[in-house]
Amino acid sequence: MNENRRQILEMLAAEKITVEEAERLLAALEDAPAVTNGFSEAKPKVKVKYLRVLVEADETMTGMKGQTTVNVRVPMQLLRAGVRLASLIPAQAHQHLDDELSRHGIPLTLSQIKPENLEELIDHLEDLTVDVDGKEGNTTKVRVFCE
Amino acid sequence: MIPSIAIVHVYNSHWRSLRLWIPLFLLWIPLLLLSPLIFLVILAAGVAGRISPWRAIAVFWAISCSLPGTHVQVSSQDNKVLVRIL
């Protein structure tokens, strides 16, 4: 518990402030960026530009001689534009796609996905990092991150 | 920003490597000349699929404008393929 929160609760316990005032103060405290030793803990959010996918696969995975590496950099703008392609799917095709997806174990209703949902998905992708390392002699590595 | 150059690099240890600089901006000239025909095709496809042709054009324009910066590289011991769009 930080110092400010403790002070508010002590003031409430001492009946110096009412419950409503304490509630307002706590809400204001939550909205403000956390401050420790005079320095703000809130980091400015850096706008990421690319989604990176790095794969290092060994012979056992690819069947090719030596190590195979894949290095893909996709602009986030391309992902945003790509998800808008979904709006071009004809309405009559939605039912067929939904049926096929559910047949393959993906219970997704495409008609219920709105462009704003997809935008939100892309925004949250910026915080995504996936690291996969192979085990037991398998040296395959996969990294997915944004930069 | 529309893509201006695509770099394609193919390397194989058994034959000489191939490095191509494809000037994509030159593709805009035939594309502009063929634009009435392309528009008619998009219009027909839009009517058939009940999609606004303007929306289709906007989506494809957005995709082509966001292509610069794309980088795909696949390499193994003997082969290497690199595609970059600038």
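Below is a table of values for the structure above.
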quantity	calculated
Residue match in the range B:55-72 (condition: over 16 Å from the mean Cα position of the chain (by Cα) and within 13 Å of A:Pro90 (Cβ to Cβ))	yes
Residues of the range A:113-128 classified as modelled with pLDDT under 75 and assigned to a helix (DSSP H, G or I), total	4
Residue check, B:Ala56 at pLDDT below 90, on the phi < 0 side of the Ramachandran plot and among the small types (Gly, Ala, Ser)	yes
Residue check for B:Leu82: touching a residue at least 40 places away in the same chain (Cβ under 8 Å), in contact with a Pro (Cβ under 6 Å, 6 or more places away or on another chain) and surrounded by 15 or more Cβ atoms within 10 Å (Cβ to Cβ)	no
Residue among A:Thr129, A:Thr139 that alone is more than 7 Å from chain B (Cβ to nearest Cβ) and closer than 26 Å to B:Ile85 by Cα	A:Thr129
Any chance B:Leu20 is more than 10 Å from chain A (Cβ to nearest Cβ), within 22 Å of A:Val70 (Cα to Cα), modelled with pLDDT of 90 or more and part of a strand (DSSP E or B)	yes
Candidate set from the range B:54-74 (those that are of a type in the set (Val, Ile, Thr) and within 7 Å of another protein chain (Cβ to nearest Cβ)); member that is farthest from A:Pro75 (Cα to Cα)	B:Val74
Failed item in (1) modelled with pLDDT of 80 or more; (2) over 30 Å from B:Val47 (Cβ atoms), with A:Lys47 passing the rest	(1)
Of residues in the range B:59-74 being free of Cβ contacts under 8 Å to residues at least 12 places away in the same chain and outside any strand (DSSP E or B), the one surrounded by the fewest Cβ atoms within 10 Å (Cβ to Cβ)	B:Trp61
The one condition in (1) in a helix (DSSP H, G or I); (2) at pLDDT 80 or above; (3) within 14 Å of chain B (Cβ to nearest Cβ) that A:Arg73 fails to fulfil	(1)
Boolean, A:Lys49 is under 20 Å from the mean Cα position of the chain (by Cα), on the phi < 0 side of the Ramachandran plot and either surrounded by 12 or more Cβ atoms within 10 Å (Cβ to Cβ) or free of Cβ contacts under 8 Å to residues at least 60 places away in the same chain (or both)	yes
Selection from the range A:57-70 of residues that are modelled with pLDDT of 85 or more and either assigned to a helix (DSSP H, G or I) or more than 8 Å from chain B (Cβ to nearest Cβ) (or both)	A:Ala57
Residue ID - surrounded by the fewest Cβ atoms within 10 Å (Cβ to Cβ), chosen from residues in the range A:73-106 that are farther than 18 Å from B:Trp61 by Cα and under 21 Å from the mean Cα position of the chain (by Cα)	A:Ile106
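The values are calculated or read from the model by the stated rules, or taken from the named source; none is laboratory data. From a predicted model like this one, the values you see are computed outputs, not experimental measurements. Note that each Cβ is placed from the backbone with ideal geometry, even for glycine, and that neighbours are counted across all protein chains shown.
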